[in-house]
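A quick write-up on the structure given underneath.
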Amino acid sequence: MENLFRLADHDEFFSRRCVWVNGPVIVGAGPSGLATAACLREQGVPFVVLERAECIASLWQKRTYDRLKLHLPKQFCQLPKLPFPEDFPEYPTKRQFIEYLESYAKHFEINPQFNECVQSARYDETSGLWRVKTVSTAGSIRNEIEYICRWLVVATGENAERVMPEIEGLNEFCGGVSHACEYKSGEKFTGKKVLVVGCGNSGMEVSLDLCNHNASPSMVVRSSVHVLPKEVLGKSTFELAVMMMKWLPLWLVDKLLLILAWLVLGNIEKYGLKRPSMGPLELKNETGKTPVLDLGALAKIKSGDIKVIPGIKRFTRNQVELVNGEKLDVDSVVLATGYRSNVPSWLQEGELFSKNGFPKAASPHGWKGNAGLYAVGFSRRGLSGASSDAMKIAQDIGTVWKAETKQQKKRTTACHRRCISQF
């Protein structure tokens, strides 16, 4: 038996290896990671992309509802160096966007290391290199790999982990409870009373989808929210804002957007949707809270098909008690309570990133840290912000790479474990 344990230890030892990466390691194979990889490819810089899931863009493929479309016109959502196909509609569907990302990865020969979950990443002052430890499971075998690299690109994004609120009595509730990331369609909720917790873009669209499947949604609105029309006179509201920002100060653009919203949507406060005191663009810049683009939910709110209710006090076995004392019978709960960054759980660094998992410096200055550390997709400016970050990062690394490769073709490094230079 003792020999058996020794053999197990021996096998575990040899399942661990060290890999020297002749270029940056990119953590995350979502749109941000793919954009950075593509820009590095154009610069002639080798790289490795690590992805904890078994596919690219796992948020889009696994954690989004079926009816989802891009909320902004495609020209604001395309990644660098490769536009959307011309025959795609102005607002591509979820499936079309995934197809675009898959063709993007193929075009730039981006082949992530799938099923590799980063456990830790730290900068080694002695060697001047990053040490990125991952765990992957192939069948019953647990493999631990340590990647050694000079540059580390954090591309895990703003939405890496779901946020699950702590609400009194929720664990005792007898009905179904799910997060919006698990919601696919309202089909299974037909005829049911569904409580949707959250009034952001996801909460609004889930409530609309439930209505379209003959469910009875009640949407919890705990705080103020900006609701803007998706389009004004056939023009994207976002596109109008971008155009106005070229000539006008932010505060004035906010004023004009709110006037347009009032003209198109009317007074929404009488339906329980109170607007924040800060304008929609200023609020987005300051807090990251995105304004809701109305896709039809507001009409359902006005008609009473979607009920707007205040905050929750507690759950009981079959009911929810609201802060105003009202009690509602509920069959199911969908938590549209958002997502958060997971960077603090694995990145051992305190200069570029703050404790909330976002860069300390506001956009557009939060893409570069010290010692070869970069952040992409944390600017709170969506896909266009991620693309901008990716191009700057690739240019920054590429400049150093090209200068140094002229002087030195090979670079060697010492490693305490067996070190395989494959990348």
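The values are calculated or read from the model by the stated rules, or taken from the named source; none is laboratory data. These numbers were taken from a predicted model, which means no experiment stands behind them. Here Cβ is always computed from backbone atoms with ideal geometry, including for glycine, and neighbour counts include all displayed protein chains. Side chains included, ligands, DNA and RNA excluded: accessible areas come from the protein's heavy atoms. Shrake-Rupley method; radii C 1.70, N 1.55, O 1.52, S 1.80 Å.
Observations on the model:
- Per the listing Lys246, Lys289, Lys307, the residue uniquely more than 30 Å from His365 (Cβ to Cβ) and among the basic types (Lys, Arg) is Lys307.
- Restricting attention to region 298-352, the residues that are on the phi > 0 side of the Ramachandran plot and surrounded by 14 or more Cβ atoms within 10 Å (Cβ to Cβ) total 1.
- In region 79-87 there is at least one residue that is open to solvent by 40 Å² or more (accessible area, probe 1.4 Å) and at positive phi.
- Residues in region 345-372 that are more than 30 Å from Val206 (Cα to Cα), at pLDDT 90 or above and either in the same structural domain as Lys193 (by the TED database) or among the hydrophobic types (A, V, I, L, M, F, W, C) (or both): Trp346, Leu347, Leu352, Phe353, Trp367, Ala371.
- Scanning region 383-412 for residues that are open to solvent by 50 Å² or more (accessible area, probe 1.4 Å) and either of a type in the set (Ser, Thr, Tyr) or under 24 Å from Thr287 (Cα atoms) (or both), we see that the one that is modelled with the lowest pLDDT is Thr412.
- Segments classed as strands (runs of 3 or more DSSP E), wholly inside region 177-292, with at least 3 members that are closer than 28 Å to Ser341 by Cα, of a type in the set (Asp, Glu) and not assigned by the TED database to the domain that holds Asp66: none
Here is a yes/no grid of residues against (1) among the hydrophobic types (A, V, I, L, M, F, W, C); (2) in contact with a helix residue (DSSP H, G or I) (Cβ under 7 Å, 6 or more places away or on another chain); (3) open to solvent by 10 Å² or more (accessible area, probe 1.4 Å); (4) within 15 Å of Ile312 (Cα to Cα):
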{"site": "Gly186", "(1), (2), (3), (4)": "no, yes, no, no"}
{"site": "Leu195", "(1), (2), (3), (4)": "yes, no, no, yes"}
{"site": "Gly198", "(1), (2), (3), (4)": "no, no, no, yes"}
{"site": "Asn201", "(1), (2), (3), (4)": "no, no, yes, no"}
{"site": "Val206", "(1), (2), (3), (4)": "yes, yes, no, no"}
{"site": "Leu210", "(1), (2), (3), (4)": "yes, yes, no, no"}
{"site": "His213", "(1), (2), (3), (4)": "no, yes, yes, no"}
{"site": "Ser216", "(1), (2), (3), (4)": "no, no, yes, no"}
{"site": "Val220", "(1), (2), (3), (4)": "yes, no, no, yes"}
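- Strands (runs of 3 or more DSSP E) fully within region 325-409 that include at least 2 residues being not hydrophobic (A, V, I, L, M, F, W, C): 327-329.
- Look at region 119-132: where a residue is surrounded by fewer than 19 Cβ atoms within 10 Å (Cβ to Cβ) and a partner is of a type in the set (Ser, Thr, Tyr) and part of a strand (DSSP E or B), sitting 6+ places away or on another chain with Cβ atoms under 7 Å, you get Gln119/Thr134.
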